[in-house]
Each structure stands twice: as structure tokens, then as C-alpha cells.
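Read the structure below first, then the notes.
The values are calculated or read from the model by the stated rules, or taken from the named source; none is laboratory data. Given the structure is predicted, the values throughout are model-derived calculations rather than measurements. Cβ: placed from backbone, ideal geometry, glycine included. Neighbour counts: every protein chain shown.
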């Protein structure tokens, strides 16, 4: 662990010399490295992709797959989820689009 | 030489655009049957209008769908979505309810089925298509104006 820390510090000093960075650049590299470390750590701890024992495969997707067609009449299960079961969420998405357009028009038409 | 390239691009895009538009409408209205739906179909339809505006010029593109029409379609799509949800309340169910509100469900697998899903997908497609077109025209016009000023 101490060796790794030493290598990281040496690499930062080497990059500082090579790229002629200011102290602020060193701080940026440290921060980005820290964020990257935690992201990699999180991804490494995630359950494997597509495993049937994953915690996301609980009773809710089972309900969607078993009675989705009978509940909504839609063969496309994605449509039945986003427009029937989670339609309120889709209204939020449409609102995001609307606000984006309003912001673009307000910014670009003013000058 | 530039005119020749322009000619190729213009004729090709003029030939291809109707097929892209038909495909976009197909993806929108088959949203409850096949992969796709309002968002992807609307993006396809809007991309065809952007293609025409790119290969010709802004005036020809604006002739296809004007600023006011795009704005009305934009707001109308969102409004239609919300009104479909309110109709469900008026029919005595929850906001955005489908089967429990008594929308006609039809035969599963047919084109006109799935009640509110069909209607909402249609409105979403209109909204996404006009969003893409409005975004594109506003950004391009802003570029033009700043280019003239310099």
C-alpha cells in the first residue's frame, strides 16, 4: 500500500515536471484520480451483468413480464412500462425536453 | 465543382427523406407492438427534416415546417400527453390510467389497440420530432445572425 502511494506521488511529480503544471493542475489530477478510483471500486463491487440472482430481478420485473400484456394490451414490454406503468416518469421526460427548448429559445433569440 | 457535389447531396436527400419520414411514422404508431416508440420514432422523423434543411438551405427547410407550426406542435404534444392523463381522471380512474380508465383496448397485437399507450406514443412522437427541428433551426439561425454581424 505504501509502495503504491509512493508510485502515485512520484507519477504526479513526474507529470508536473513533464506537463509543467501549476499546483492547481496537480490538485485537479489528484481529484480526478480520486473520483476515478472510487468509480472503478464501485464498478468492481457491482453484481455480474445478467446474473439471474441479481437484486434487480425481484417481484416487480416478474409482474411486468407475467401480466404486462394483460394489464396494458401492449406487446412491446418497454412501451408498456414507460407509457403505462411509469407514465408519470415519462411526463417528466417530456417536461425536460420542453424546458430545454424553452431555454434554447430564450438564450438564442434574445440577441 | 461545388455545385456538382451539392447536386448529388440534394437529389439523394430529396429521394431519401420521404422514406425516412414514413419509417419514422411507422416506428411511432407501432410503438406498442415493435421496438421503438415515441422517442425513437420522433427522432427519426425530426432527423429527416434536419437532413433536408442541411442539404438545401434554411429557407427550403423552413418551408417544410415553419417556426410557428413547430412551436404549436411542440406545445400540443406535451398538452395532448397531459390531457390524455386528465381524461383518465374524468373517466373515474387515476392520472394516466389506461385499462382501468376504460380506454378501448382492442385486440392485443393489432395496430389500434392498447388504449392510452397508442395515443400517448403518438403525442410523444410529435413532440420529440418538433423538439429536434426547433432546436436545430434555433441554433442554426443564431449562427447565421452572429455570422452576419461580424
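General observations
- Given (1) outside any loop (DSSP other than H, G, I, E, B); (2) within 21 Å of the chain's Cα centre (by Cα), index of the condition residue A:56 fails: (1)
- Check on residue B:126, at pLDDT 85 or above, more than 7 Å from chain A (Cβ to nearest Cβ) and over 30 Å from residue B:59 (Cβ atoms): no
- For region B:104-120, filtered to residues that are crowded, with 23+ Cβ neighbours inside 10 Å and assigned to a loop (DSSP other than H, G, I, E, B), the residue that is farthest from the other protein chains (Cβ to nearest Cβ) is B:115.
- Against the numbered list (1) touching a helix residue (DSSP H, G or I) at 6+ places or on another chain (Cβ under 7 Å); (2) within 14 Å of chain B (Cβ to nearest Cβ); (3) at pLDDT below 80, residue A:101 comes up short only at (3).
- Just one residue in the set B:62, B:47, B:88, B:17 is over 13 Å from the mean Cα position of the chain (by Cα), over 24 Å from residue A:85 (Cα atoms) and at pLDDT 80 or above; that residue is B:17.
- Options A:29, A:7: the member that is touching a helix residue (DSSP H, G or I) at 6+ places or on another chain (Cβ under 9 Å), assigned to a helix (DSSP H, G or I) and surrounded by 10 or more Cβ atoms within 10 Å (Cβ to Cβ): A:29
- Failed criterion for residue B:135 (all others in (1) facing chain A (nearest Cβ under 8 Å); (2) out of contact with any helix residue (DSSP H, G or I) (no Cβ under 8 Å at 6 or more places or on another chain); (3) modelled with pLDDT of 80 or more hold): (2)
- Considering the conditions (1) on the phi < 0 side of the Ramachandran plot; (2) touching a helix residue (DSSP H, G or I) at 6+ places or on another chain (Cβ under 9 Å), residue B:57 is excluded by exactly one of them, (2).
- Some residue of region B:82-96 being part of a helix (DSSP H, G or I), within 19 Å of residue A:101 (Cβ to Cβ) and either out of contact with any strand residue (DSSP E or B) (no Cβ under 6 Å at 6 or more places or on another chain) or more than 9 Å from every other protein chain (Cβ to nearest Cβ) (or both): yes
- Of all the listed residues (A:16, A:20), the sole one being touching a helix residue (DSSP H, G or I) at 6+ places or on another chain (Cβ under 6 Å) and either over 30 Å from residue B:108 (Cβ atoms) or not assigned by TED's automatic domain parsing to the domain that holds residue A:79 (or both) is A:16.
Residues are listed down the side, and each one gets a yes or a no for (1) part of a loop (DSSP other than H, G, I, E, B); (2) over 15 Å from residue A:79 (Cα atoms):
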{"site": "B:73", "(1), (2)": "no, yes"}
{"site": "B:76", "(1), (2)": "no, yes"}
{"site": "B:100", "(1), (2)": "yes, yes"}
{"site": "B:122", "(1), (2)": "no, no"}
